[in-house]
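Asker: Right, I'll just put the structure down here and ask away after.
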Amino acid sequence: MNALLSQIDNGSRPDKEEAKKIVKEKQLLGFEVNPTMYICAVSNMLFRGDGKVQYLIMIQ
């Protein structure tokens, strides 16, 4: 995510803040197969105040 946000910052877009907001809210997606790692990842996002990423668990 940091690389993508850096590219936005270094680019010539006039709406950089809006573009970063869209990336954070709609364009990041994570998958996890292990339920324990899913809980850890979601908890980590919530503790850090980053609950915007869509993180899905794949149950087999």
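Laboratory data are not the source of any read-out in this text; all were calculated from the coordinates shown. Owing to the predicted nature of the structure, the values given are computational and were not obtained by experimental measurement. All Cβ positions, even for glycine, are placed from backbone atoms using ideal geometry, and neighbour counts span all protein chains on display.
Asker: Using 1/(1 + (r/R0)^6) with R0 = 30 angstrom and r between the beta carbons of residue 48 and residue 13, what's the FRET efficiency to the nearest 0.05?
Answerer: The pair residue 48/residue 13 has a calculated efficiency of 0.70.
Asker: Residue by residue through the range 26-41, which ³J(HN,Hα) values in whole Hz follow from phi under the Karplus form 6.51 cos²θ - 1.76 cosθ + 1.60 (θ = phi - 60°), with glycine and proline marked x?
Answerer: With the stated coefficients, the range 26-41 comes to 10, 10, 9, 9, x, 10, 9, 8, 7, x, 5, 5, 4, 4, 4, 5 Hz.
Asker: Give me the distance in nm between label points sitting 7 Å out from Cα along the Cα-to-Cβ direction at residue 4 and residue 36, one decimal.
Answerer: 2.9 nm
Asker: Could you work out the mean projected area of the convex hull around the alpha carbons of the range 2-57, in square nanometres to one decimal?
Answerer: 4.0 nm²
Asker: Can you compute 3J(HN,Hα) from phi for each residue in the range 3-14, using the Karplus curve 6.51 cos²θ - 1.76 cosθ + 1.60 with θ = phi - 60°, rounded to whole Hz and x for Gly and Pro?
Answerer: These are the phi-based 3J(HN,Hα) values: 5, 5, 5, 5, 5, 5, 4, 7, x, 9, 5, x Hz.
Asker: Scan around residue 30 for amide H atoms under 5 Å from its own, H built in the peptide plane at 1.01 Å from N, and keep only partners 5 or more places away or cross-chain.
Answerer: Residues meeting the criterion, in which the H sits 1.01 Å from N, are 54, 55, 56.
Asker: Among the aspartates and glutamates, select those whose C-alpha is under 20 Å from the C-alpha of residue 21, and discard any that sit fewer than 8 residues away in the same chain.
Answerer: Candidates past the 8-residue exclusion: 9, 50.
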